[in-house]
Amino acid sequence: MNRLVETIDTQASKYGRREAYRFCWRKDGEWLSTSWEDFRSQVDTAARALAFLGLVEKDAIAICSPNTPQILITELGAFNNRLVSIPIYSGSSQEQFDFIVSNGEARVIFVGDRHQYPLAYSYWKRNPGKIARIVIFKNSGLDLEPDDSVSIGWDDFVRSGIEAPDEFRRLVEARRGRGLPEDPATLIYTSGTTGEPKGVVITHANYDAAMRMHLDELTTVSDNDLSMAFLPMSHILEKAWSFFCLTKGIRIAVNYDPRMIQETIHDVQPTVMCCVPRFWEKVYAAVREKIAAMGRMQRLAVRRALHVGKRRNLGYVRLGRRAPRLLEMEYQFWEKRIFSRLKQAIGIPHPNMFPTAGAPLSDRICEFMRSVGINVKIGYGLSETTATVSCFPETDYTIGTVGRPLHGIEVSISGEGEILVKAPTVTPGYYRNPEANAEAFTSDGFFRTGDAGYLTADGSIVLTERVKDLFKTSNGKYIAPQALESRLAENKYIDEAAVIGDQRKFVTALVVPNIPKLREWARHEGIGTADTEELLSDPRTNRFVMKQIDGVQRDMAEYEKIKRVALLPNHFSVMNGEVTNTMKVRRSVVAKRYAREIESLYADA
């Protein structure tokens, strides 16, 4: 198999003028396609431009941008120069941005648009000798600061690569020829729920091993598929998936603004797409709301369809068995009349496979999606494992697990219940952080994931919780807050939640309601909705939200159940450090910031 650094050349020779990717800047703009041949030319030009900037082998570049093809072009050009690429979330705070650029020792910074430019300019202003150039992908309508002597637009960067003397082409070729499997390719900074970010070194060998494993595992995808890249390319899941798509010849539609996903998914109609549970939670809540508004006969028809879909897809297809003829006929009937319309309404009329990871997805939602014919492929992985550790196999998967480890990945469970991983996809370590490296690996070379779980009889992994997130009530009962929070996300009236209870008598939660939905309920009940804080402080609202929560925790043990809630008017904020960039709750920060609200929940306990 070709190395990742050779992929674009290989695919351009194979596919020529066939589409490699498509992109659209604006909501009402046109999706423009780029061929593999043109993609190769873009990468070669970017590689020469990077060499022309004076960067030397092992130097680092940082990329802070919303999703855009320039990210792929720049990274692949960097790989050709034996440079290291550092992705940074486009919504990062100045403090986060500064730490990553400084710790990763970036020499050139690429930014997306006017939203990220101030971060790079501010850093350069305070560290002028460290940054050779700032390159702005989308600089139309952007006024540079008057004293900015370091920034250029993407077009100028490209022009420098086109006009660079021929010696730079030869220099890039020589560098690529000297490339080694152990060369660092990417430095991904974890946004962990505790402590400052750590730079995860991902080598070319890590990526190449990951590509081989996925080519072996994902046998139902082909170069006829179309993927939508809407998760941030700064996240290992989307980054590794995008590289896999390039390796497989899958076309990529790059979604620039994640807020527009509901529109762009209908424009593109992807057959494969990386997702996080929140996407499916929103889909599920919308479908349930639509079903609730149906007449009685329609609801009965949907209930029957779901029953048949579950029997066929989970009772037979899941096990690799052929469904009985009558069941198959009825399933096809409901597929035409209900399931196909549902998939069309979502924007995926021809779904193939949707890798989903990053947080727990409730079993109920997974079962629903599988029943209607949407192949939500649950997986598990980390930045430190170059994304996937495990995923649902095509058959014999078990809902409630995160699938079985990919071939070549060894998983063990420590005496404390922590998941340990050894594989060629595991990072060699954290950048400039020997203390973290000493803690991260066992004496026999296993990586400590920080996740608690266990292995089933067939080798599937069951996640229970982040080790550091597990807490114990004052009654000695262990609580897994993420499992509770994923259940709450099923409810259309709840947007976010943070479960509380460490060393407390009972479990409570801070809940961010879906304010528009809550207002609809309040108007129906004759409750004033003009002032959000008044609405949330109304005892009737609190009782209503608790009733919603009770509905999703009926089958839980009494000690696990949420007994009281405090309603918050604002979402947990990445900028304030309350959640990570992947929307995981930083519990210590939330506990400190909302200490008053938490104490009020236990005032008379």
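Overview of values
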item: Fraction of accessible area attributable to carbon and sulfur, the stretch 210-306 (%, probe 1.4 Å); result: 54
item: Fraction of antiparallel bridges per DSSP, the stretch 456-605 only, in percent to nearest 5; result: 65
item: Packing-based order for 400-408, 164-172, 345-353, using average beta carbon neighbours within 10 Å, highest first; result: 400-408, 345-353, 164-172
item: Nearest-0.05 FRET efficiency for GLU597 and SER122, computed from C-beta distance (R0 22 Å); result: 0.05
item: Euclidean distance between Cα centres, the stretch 131-178 to the stretch 13-59, Å; result: 14
item: Debye, to nearest 20: dipole size of the stretch 109-225, +1 on Lys, Arg Cβ, -1 on Asp, Glu Cβ; result: 420
item: The stretch 250-330, accessible area per residue, ligands and nucleic acids excluded (1.4 Å, Å²); result: 55
item: Virtual spin-label span in nm between ASP28 and ARG322, 7 Å along Cα→Cβ; result: 5.4
item: Check: the stretch 242-382 dipole with +1 on Lys, Arg Cβ and -1 on Asp, Glu Cβ, in debye; result: 660
item: Gain on full stretching of the segment that runs from THR395 to MET556 - 0.36 nm per residue minus C-alpha separation; result: 55.0 nm
item: Estimated FRET transfer efficiency when R0 is 51 angstrom, pair LEU314-GLU173 (beta carbons, to 0.05); result: 0.45
item: With Cα atoms, 0 to 90° folded angle of helix 236-248 axis to the chain main axis; result: 60
item: Cβ-based net charge around ILE131, under 15 Å, with every Lys or Arg adding one and every Asp or Glu removing one; result: -1
item: For Rg and Dmax of the Cα atoms in Å, calculated from these coordinates, the label among (i) 35.3, 120; (ii) 24.9, 77; (iii) 27.3, 99; result: (ii)
item: For the stretch 54-193: rounded, prolate or oblate by the Cα gyration tensor [a/c cutoff 1.5]; result: oblate
item: Alpha-carbon centroids, the stretch 258-332 and the stretch 366-441: separation in whole Å; result: 26
item: Nearest-0.05 FRET efficiency for TYR454 and PHE333, computed from C-beta distance (R0 60 Å); result: 0.90
item: Antiparallel DSSP beta bridges within the chain, percent to nearest 5; result: 50
item: Lys pairs under 17 Å by Cα in the stretch 472-605, provided they are eight or more residues apart or on distinct chains; result: 14
item: Rounded percent of accessible protein surface that carbon and sulfur make up, the stretch 346-388, 1.4 Å probe; result: 50
item: Accessible surface of the stretch 1-52, 1.4 Å probe, proportion on carbon and sulfur as whole %; result: 42
item: Cα-based shape type of the stretch 150-218, given that a ≥ b ≥ c are square roots of the gyration tensor eigenvalues and the cut on a/c is 1.5; result: oblate
item: Antiparallel content of DSSP bridges confined to the stretch 3-112, in %, to 5; result: 30
item: Assigned charges on the beta-carbon of Lys, Arg, Asp, Glu; the chain dipole about Cα centre (debye); result: 2060
item: Residues in the stretch 47-80 that a label on ALA132 would reach, taking backbone N under 13 Å of a point 7 Å out along Cα→Cβ; result: 47-62, 78
item: Pairwise label distance in nanometres, LEU470 with SER93, each label 7 Å out on the Cα-Cβ vector; result: 3.0
item: With Cα atoms, 0 to 90° folded angle of helix 117-126 axis to the chain main axis; result: 60
item: Loop trypsin sites (Lys or Arg not before Pro), the stretch 82-147 (other Cβ atoms within 10 Å of the site Cβ: 16 or fewer; DSSP); result: ARG114, LYS130
item: Prolate/oblate/rounded label for the stretch 1-109 (Cα gyration tensor, a/c 1.5); result: oblate
item: Surface per residue (accessible, 1.4 Å probe) for the stretch 29-169, Å²; result: 39
item: In Å², nearest 10: area of LYS422 left accessible to a 1.4 Å probe; result: 70
item: Probe 1.4 Å, accessible area per residue of the stretch 436-534, Å²; result: 46
item: Distance between modelled label sites at ARG540 and ASN224, nm, 7 Å Cα→Cβ extension; result: 5.7
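The values are calculated or read from the model by the stated rules, or taken from the named source; none is laboratory data. Here the structure is a predicted model, which is why all the values come from computation and not from measurement. Backbone-built Cβ (ideal geometry, glycine too); neighbour counts: all protein chains shown. For accessibility, only protein heavy atoms count, side chains too; no ligands or nucleic acids. Shrake-Rupley method; radii C 1.70, N 1.55, O 1.52, S 1.80 Å.
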